[in-house]
Amino acid sequence: MKRKPSTEATAAWIRLMRVQSRVLNAVEHDLKKAGFPPLAWYDALLELSRAPAGELRPVELEKQMLLPQYSTSRLIDRLVDEGLAVRRECKIDKRGQFVEITEAGRELQKKMWSAYSAGIEKHVGSKLSDVDAIKLCGLLDRLGCSCGEAPSLAAKDGVSAR
């Protein structure tokens with residue numbers, strides 16, 4: 001028979017799920033209050049802006065995103081409809097396509113970062129010292145959350161932690 005989680009491990013799991021949900025909801029609220037679209041838009045635009053030539057196949061975009069995206073095709077449709085991204089046919093494989101960020105998409109992603117980073121500071125940074133944040137990153141890395149970046153490294157115009 002497999003070992004059951006301890007009471008402490010179960011309590012840690014519950015706290016992890018609750019805090020993730022609460023912080024994401026709070027950041028989403030902050031973005032909405034600032035007049036920005038949902039966090040998933042930022043996430044997709046950030047990943048497109050980081051990609052070589054600013055483009056990814058839809059399946060690659062979905063894998064790269066920080067937030068789970070069950071309807072990536074609808075998200076891409078919205079970004080395209082708003083002029084933040086364009087769909088392009090793959091020149092080699094005519095059946096495949098790429099999603100490419102537009103200049104308007106790059107501008108929105110950079111503008112959203114101001115509200116997003118303020119939310120991160122408000123809901124996480126102001127509650128943890130840098131030493132505590134590094135300790136938390138270490139604990140989360142043990143659970144498989146490591147993205148291979150040093151905790152102190154963050155892009156000036158956005159971060160994506162995995």
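Read the figures in this text as sums done on the coordinates, not as results from a lab. From a predicted model like this one, the values you see are computed outputs, not experimental measurements. Cβ: placed from backbone, ideal geometry, glycine included. Neighbour counts: every protein chain shown.
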Report, to the nearest 10°, how far helix 72-81 tilts away from the longest principal axis of the Cα atoms in the chain, using its own Cα long axis and a range of 0 to 90°. 50 degrees
Looking only at lysines whose Cα falls under 23 Å of Lys135's and that sit 8 or more positions away or on another chain, we get Lys122, Lys127, Lys156
Give the order of Thr102, Thr7 when sorted by the count of other beta carbons within 10 angstrom, beginning with the fewest. Thr7, Thr102
Can you run phi through the Karplus equation (6.51, -1.76, 1.60; θ = phi - 60°) for region 51-61 and list ³J(HN,Hα) in whole Hz, with x for Gly and Pro? 6, x, 6, x, 9, 9, 6, x, 5, 5, 4
In region 1-104, what chymotrypsin sites (Phe, Trp or Tyr not before Pro) fall in a loop by DSSP, with at most 15 other Cβ atoms inside 10 Å? Tyr70
Under 13 Å from the Cβ of Leu56, count the other residues' Cβ atoms, weight Lys and Arg +1, Asp and Glu -1, and hand me the total. -1
How would Glu62, Glu47, Glu82 line up from fewest to most surrounding beta-carbon atoms within 10 angstrom? Glu82, Glu62, Glu47
Among (i) 129; (ii) 102; (iii) 155, the entry derived from the coordinates for volume of the Cα convex hull per residue in Å³: (iii)
